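One structure is given below, encoded as C-alpha cells.
The values are calculated or read from the model by the stated rules, or taken from the named source; none is laboratory data. Because the structure is predicted, anything quoted here is derived from the model rather than measured. As a convention, Cβ positions derive from the backbone with ideal geometry for all residues, glycine included, and neighbour counts pool all protein chains shown. Please note that ligands, DNA and RNA were not included when accessible areas were found on the heavy atoms of the full protein model with its side chains. Shrake-Rupley method; radii C 1.70, N 1.55, O 1.52, S 1.80 Å.
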Number of protein chains: 2
Amino acid sequence: MINQVTWIWYPGDFEIWLHEKISVLREERGRVYPPFWRLDAAYKSVRFRKECDLKMDDSITIYAEGDYYFEIDGKIIYSDIKNYLVTKGHHIINVKVYNPNTFPTIYVEANEIGSDSSWEASISEMKSEVVGCWNFNSSTDKPSQFKLSTEKIYSKLIEVKDNSTLYDFGKETFGYVILKSIKGNGKVSIYYGESKEEALSSKYCEVFDDINIDNGVSEDYPLSKSRAFRFINVVFDKTVEFDGLEALYEFLPLEYKGSFKSSNEMLNKIWETAMYTLQLNTREFLLDGIKRDRWVWCGDTIQTALMNYYTFYDLDVVKRSYIALRGKEPTDSNVNRIVDYSFYWFIGINDLYLYSGSCEFIENNYDKMVSLMDFCLSRLNKDGLVEGQGSDWTYVDWAEIDNRGEVSTEQLLLIKSLFVMEETAHMMKDFKREKIYGKIAEEIKLKTFQLFWDKDKEVLLHNRVEGKVLDKVTKYPSVFALLFDYLDSKQQVAIKNNVLLNDNIQKITTPYMRFYELSALCQIGESDYAMKEILDYWGGMINLGATSFWEAYDPALKGEEQYAFYGRPFGKSLCHGWGASPLYLLGKYFLGVKPLTPGYESFEIAPKLGGLEWIEGEVPTAKGNVYIYKDKNTIKVKIPGGKAYLRFASSTEPTSQDGVVKYIGDNIYELELLVLNKEVSINYEI
Amino acid sequence: MINQVTWIWYPGDFEIWLHEKISVLREERGRVYPPFWRLDAAYKSVRFRKECDLKMDDSITIYAEGDYYFEIDGKIIYSDIKNYLVTKGHHIINVKVYNPNTFPTIYVEANEIGSDSSWEASISEMKSEVVGCWNFNSSTDKPSQFKLSTEKIYSKLIEVKDNSTLYDFGKETFGYVILKSIKGNGKVSIYYGESKEEALSSKYCEVFDDINIDNGVSEDYPLSKSRAFRFINVVFDKTVEFDGLEALYEFLPLEYKGSFKSSNEMLNKIWETAMYTLQLNTREFLLDGIKRDRWVWCGDTIQTALMNYYTFYDLDVVKRSYIALRGKEPTDSNVNRIVDYSFYWFIGINDLYLYSGSCEFIENNYDKMVSLMDFCLSRLNKDGLVEGQGSDWTYVDWAEIDNRGEVSTEQLLLIKSLFVMEETAHMMKDFKREKIYGKIAEEIKLKTFQLFWDKDKEVLLHNRVEGKVLDKVTKYPSVFALLFDYLDSKQQVAIKNNVLLNDNIQKITTPYMRFYELSALCQIGESDYAMKEILDYWGGMINLGATSFWEAYDPALKGEEQYAFYGRPFGKSLCHGWGASPLYLLGKYFLGVKPLTPGYESFEIAPKLGGLEWIEGEVPTAKGNVYIYKDKNTIKVKIPGGKAYLRFASSTEPTSQDGVVKYIGDNIYELELLVLNKEVSINYEI
C-alpha cells in the first residue's frame, strides 16, 4: 500500500515551532511577555532518510522549506531535484535540510517513495526517528504557512462619546478587529474588554492596541494582532473618521460531535456556553484562556482534553498540546515549572491512550516520559516524598493554602503518575522499569497514608512542614484519593461526610478544582448533589451575563469585583478552558459514558438523571458516536461498536431482546449490548 | 569597583549563535552542506537579573536586541526604560528578553548597576547563571553585528582566454572577491582555486559562484560570500565587461606575539608560512580549513589552540571554539560525533587552563564537562573499554587503519581525559567525583596495558576485535603513551626503537598526527631527528610552492595528485590549521618554553638547537613575552614574570649572577632565574 504523500519533519518540531510562536503572543499592556519556562525551538538542520527497494523506476521531485542537498547511495546530486530518476532496486536516500527561519520540512513527490511516515529523521545522523507529519498533503500546502480559519463577524455600536465609540460583538470572541473605511490622519486606540467595564477602562484593560492612521483613504484597516474581546472601545483623534467595527473571528475548525439536552433549560444553556468556551480555547493548542496568558498549561490541558473527548473528540489538538508542554530535552524543570503539572502530563497521556486507544503517541514519546519521571524522582526529598525544590512551584489551586513542605495532594498525583508509568512501561515491554515504578508507587502510597490519614478525625491532612504534619484539612487530597480509588469503602464514606460535604471545610472557588471535586462526588454516588452544584455554580455565571465561563468564580463577590484577579481590576480571564468542565461532568457522569479499556474496546454507559426529568445526548468515541436518552422509566442507547455495558438502577428486573441482562447487586443491573447501530430501549423502575 | 558596562547574554549563547551561522557556510558545489552533528541554537527567551544594594539613586537606560519587559521589585514597568530612576537601597531587577532572530542580549546603561558580569541570566527563571559577555562595550556595538575585519587586496592577471581570465592573488587568502567596474548584461562564473589547476577546473573546483549581471554600469561588484582562494578563474558572457579583480581580505585581527628566527632559512620560511596558515584559520573560531569544511572540529581545535598559545596567545578564540564544540545539552552524541574528539575536548580545556591559568572557563563549563564524561562512560562496552557504539566514528587519523573493536589509542585518550577530570573535580571541590574519575582511569589504564602491550615484541598493538587483539602495530598508541607519560623508561626506549624510528611501521601522512609524533620524539630527546623531519616534511610543501600548509601531504605523490582527497581531484584543503604544527613544535621543544603550573606561575625554558647554528624567538605567556636565544655556546633569556627554570646540557658547570644554578644529573643544569625583564646570558659547553 502506498501512503499519502505529505510534508514531513523531525518529530515534534512542527508542534514545538508552533508553540514558540503562540507562546510569545501574550502581551502585558503592550509589551511582550514570554513564558517563564524554557522556550524550546525546532531544530534547524535535519537529515531525512529513506531506505527502499523500488519495484520499478521512480521519478522524484523534492519541495523543501529550507536549503537542502540530496544524496542517493552516498552520492550527492548538486542540483534541485526535479523529476529525478531513481532506478528500481535498493537505495538509500538522504535529504539534508537547513532552515534557520521556520523548521526543516520536505515534501517528496514520487510514486513509491514519496515522503510519508515511513521516512526517518535525524539531527545528528546518529539516531533516526520516525518523522512527524500532519495533514499537509500537497506540495503547496507548506507546514510553516499553517493558520487557523477566519470568518467575518459584526458588532453593534452601543455607546458614542465625543472622541470614542463602544462596540459590542454580542458575546465573547477572538480575532482581528477591523476598523471600517478609516480615513484621515491621527491616533486610534483600541481597548479590548471581556466586560464592558474593561473596554471602558483605558488604564486597566488588559489588552489594547495603539495605531497611527497616516492619510487613510476610506479603506478597511485590520489590526495585525488577534485578541480576545466582547466589547471594544475605540478612542480616536478627531482628525480620524471610520465607519464602525467588524472583526475576523479566528478559529480552529471543530466538529460538535458531542451533544447534550435535558429537561432543564439552565443546564442546556450551561452546556452550550461551556461548548463555546472550550471551542474558543481549542486552537493551535489547548490554551488556558484567550485573553491574557494564551499559554499551554498542563493543569488546564488535562482538563480541556477530557472535555474534548466528550465533545469535539479532536485528538490532534490534544497531541499537539502534550508535545508542546514537554518541549525538548534536557529536562531541567517541571512542566510549566509546576510540580503538579509534571504529574498531570503523565496522567493526561494515559487519558489520551484510554480515550483514543492509539499506542503511537506513547511509542513516540516514551523516552520523554521516562526522562521526565527520572527528573521527578531525582527531586524527591530525603524521605522519598515530593517536596518543591529550589524555585519549583507547588501550585494545587488558586486559593489561600499553605503549600510548604510535603503536600499530600502532590504525593497522590505522583503515585498515580508512577502507576501510569508502570502500565506504560509494561506496554512498551520495558519490564525492568515497570517493576521499579510499581514498587516506588506502592512505597510512596504507604508512606502518604501513614503520614496524612488522620485516624481520629478520619480525614486526609494537607501537608507536613519540617517533619510536622499540620492540622489543616483541604478538599484536594480527598478529591484525588477518591478519584484514584486509593480509599477503602469506610474511608470513602468518612471522606465524603467529613470533608466533601462538610461546610466547614474551605470551599473551592475555581472551576479548575471544582472539576475534580464534582467528579469525585459523582464517582461516589452524589450525582444529584453534583447536578445541583453545576446548576448553582455555572448557572451563577450565566446569571451574571457570562457568554463564556471564567477562570474563577466566587458567588460572594459583587459587581466589578468579579473581574479582578492577580491584584488587577480586569486580571481575571472570562473565557477560560477549565471553566467548561460541565462538558466532561455531563458526558462522563450523567450521560454516563466512559471507556473501560483503551479506545472504547469496552465501555460503560451509566446514565444518571441528577434529579432532572430527562437527559439526552451523544458522546463521541473511538468507534463513533454513542447515543443516550434517559427519563424516569426509560433508557435508550445506540452504540457504534465496542463492547458496551449499560448500567442502571432498577427495583425490578428489566428485560431486553438486544443484550444480556445481569444483576450485579444493590439494585444495579448491567445490560451487555449485543447490537450495533440500532436504538436499544429498556424500561426500568426505581 | 564598577565594572565596564557591556552587552550581556545567556552564557555560551553568543558563541553558539555565531557557531550556527558559521557552520552553514560550507557549500558543496553551490549547495548548503550543514554539519552532520546536531546544530544547536541560542535560546530565544532569557531573563536577566540583578540584585543590588544601591548606595545612591541611579538612572538606567536599557538597550536590547529583542523585545523586553522590565520588572523592578516584582512590578512591571510598561514602557521602554530610558533614564529610569532606581532609588537607592535594595532592589531586584529583571529584564526578560525575547529575540527570535539572533539572541537575547541587553546593555544597561547606569552608574552602579550597569550590565556586566555581576548580572545573572536564566532560561526558565529557575536556575541562574553568570551572564556571558565579550568586549561589546557600547550601546551601539551590538553583539549580533559582530563581523571580522576586512582589507582590500589585489591580484595579477596571469592568463587571458577568449571568455575567461585567470587571476593570482600571490598567496592563499580568504575574503570577498570584487569584480571591478563591471558593465553589460550576462552571466559571470567565478571559479576559486587554492591551486591554479583547481581554479581552471570549472567542473571539479570545490567552490564557485555564478552571478548574473543585469545592466551593469561600471560599478564594482563585490561577491556576497567569503571564500578561500589564491587563484580565480572568471568565465563570462561576451556581453559583460569588467576591469580586473580585487578582494576584501577578511580576517580576525591578531597580534603576532610569538616570533622565531634561526640560522636555517627554510625553517624560517616554514615558521612564517605556518603563522599565515594559522592566522587564516583563526577566525570566529579555530576552523579546520578555510576552503571546504570551515567547521570547528575538536581534533583540529586542540592543536591549533596549542599553536595559538605559542603565537597569537588569543585565549578568546580558543574559548569560543570549545564552547561551540560542546553545544548545548542534552549530550546524545560525541563531540563532532567522533569518539576521540570528545576526549580531546577534555584535554584541550586542560591545556587552556595550563596555558592561561584562568579557572573561570572551567567554573562556567564544569557541568558540561561532567555530563560529557557521563556520556562517554555510559558508552563503555561490557569490558569497561571504549568501543564505538552505533554510528560513532572512531577516527584517529586519515590513514589505512582498522578501527574496529577496542582501539588502544582511544583507551589512552579516555584515560588522559579521566585524569583531567580528576584534577578538574578536585579544583571544583567535587571530591566525590574526583575519586571516581581517578579510580576508573587507573582501572582502564591497567586493562589497556594488559591487553595491548606486547611483552615479546615490546610494542603497543592497535586494536582488539571481538575479543582478539590483532597483530597490527601503528604509531598512534605509542605516541600518546609517550606524550601522556604512561611508559616506564625501558618501555620508552623500546617504543622509540621498535615503533617511532622503525621504518617498517606504517608512516603517518597527515600533519595532524605528525604533530603528536614529533612532539613525542622531542619529548624523548629526539629533537635533532624531529628538526630534520620538520625541514623535510614542511619544507617539502614549501618546495611544491605552498603558501600555506596542507591538510595532508604525502611526499610520494606527484603533480596534481597532491590536490586530490576524499576521491575528489581538488578535495584536499591547502590551508589547514593542523598544517601549522611547526609553530607549536618550535615554541615548545626548540625555544623550549612550557608552563609547569597553570598560567605560567612556574615554567621551564629548555631550548634545543636541533642541529642548527642558532635559534631565537619570543613566546607569549600569561605573564608577557619570554625571549630566548641559543647558539652553540650561549643562551640568552628574558622573562616577564613567574618562576622560570632554564634547563640546558653542559659539560662544565656554568655560572650566573642572575639565578641559582643547580646540577640535576646527566650533564643537565637548571638555572632558576631571579631577575625579570632583563636579558640573562649564560655560557655553556657541550
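Details
- Under the simplified labelling scheme, the B:Asp631-B:Asp402 pair shows an inter-label distance of 5.5 nm, with each label point 7 Å from Cα along Cα→Cβ.
- Percent carbon-and-sulfur accessible area, the protein assembly as shown, ignoring ligands, DNA and RNA, probe 1.4 Å: 47
- For the stretch A:535-686, the Kirkwood hydrodynamic radius from C-alpha pairs, put into Stokes-Einstein at 20 °C and a viscosity of 1.002 mPa s, yields a diffusion coefficient of 123 µm² per second.
- Both the radius of gyration and Dmax for the stretch A:115-206 are 22.8, 68 Å, in that order, over alpha-carbon atoms.
- Residue and distance (whole Å) for the chain B Cβ nearest the axis that superposes B on A: B:Pro330, 2
- Computed with a 1.4 Å probe on the full set of protein chains, the accessible area for B:Ser378 sits at about 80 Å².
- Distances, shortest first, from the label point of B:Leu596 to those at the same position in the other copies read 8.4 nm; the point lies 7 Å along Cα to C-beta.
- Burial here means at least 10 square angstrom less accessible surface with every protein chain in place than with the chain by itself, probed at 1.4 Å; in the stretch B:42-69 the buried residues are B:Tyr43, B:Lys44, B:Ser45, B:Asp67, B:Tyr68, B:Tyr69.
- If R0 equals 45 Å, the separation of the Cβ atoms of A:Gln506 and A:Glu601 corresponds to a calculated FRET efficiency of about 0.65.
- Cα-based Rg of chain B normalised by 2.2 N^0.38 Å, two decimals: 1.04
- Pairwise centroid distance, computed over Cα atoms, of the stretch B:527-547 with the stretch B:365-444, Å: 34
- Reduction of at least 10 Å² in accessible surface, 1.4 Å probe, comparing all protein chains with the chain by itself, residues of the stretch A:299-348: A:Glu329, A:Pro330, A:Asp332, A:Ser333, A:Arg337
- Solvent-accessible surface (1.4 angstrom probe) belonging to B:Thr273, in square angstrom, nearest 10: 20
- Put the Cα centre of the stretch B:578-632 next to the Cα centre of the stretch B:162-218 and the gap is 43 Å.
- Cubic angstrom per residue, convex hull over Cα atoms of the stretch A:496-623: 134
- Ranked from shortest, the separations from the 7 Å Cα-to-Cβ label point of A:Glu112 to its equivalents in the other copies are 7.6 nm.
- Per-residue mean of C-beta atoms belonging to partner chains within 10 Å, peptide A:675-686: 0
- Percentage of interatomic Cα-Cα distances in the stretch A:432-591 larger than 21 Å: 55
- The protein assembly as shown: C-alpha pair distances exceeding 56 Å, %: 33
- Taking a straight Cα-Cα cut-off under 14 Å and skipping sequence neighbours fewer than 8 places away in the same chain, the aspartates and glutamates within cross-link reach of A:Lys457 are A:Asp471.
- With the whole protein complex present, B:Glu526 retains an accessible surface near 40 Å², based on a 1.4 Å probe.
- Computed over protein heavy atoms with a 1.4 Å probe, the accessible surface of the stretch A:175-287 works out to 39 Å² per residue.
- Averaged per residue, the stretch B:368-439 has 44 square angstrom of accessible surface, using a 1.4 angstrom probe with ligands and nucleic acids left out.
- Computed with a 1.4 angstrom probe on protein heavy atoms, the B-A interface buries about 3700 square angstrom of accessible area in total.
- Per residue, the convex hull volume that the Cα atoms of the stretch B:360-399 enclose (Å³): 106
- For the stretch A:399-501, the equivalent ellipsoid derived from the alpha-carbon gyration tensor has semi-axes of 27, 15, 11 Å in decreasing order.
- Distance between the modelled labels on B:Arg568 and B:Asp80, one decimal in nanometres: 4.7 nm (7 Å Cα→Cβ projection).
- Shortest-first nm distances, B:Ile76 label point to equivalent points in other copies (7 Å, Cα→Cβ): 4.7
- Alpha-carbon centroid distance for the pair the stretch B:51-127 / the stretch B:338-363, whole angstrom: 33
- Computed with a 1.4 Å probe over protein heavy atoms only, the accessible surface of the stretch B:561-617 comes to 26 Å² per residue.
- Shown for the stretch A:95-126: residues covered by the partner protein chains by 30 Å² or more of accessible area relative to the chain by itself (probe radius 1.4 Å), namely A:Lys96, A:Tyr98, A:Ile123, A:Ser124, A:Glu125, A:Met126.
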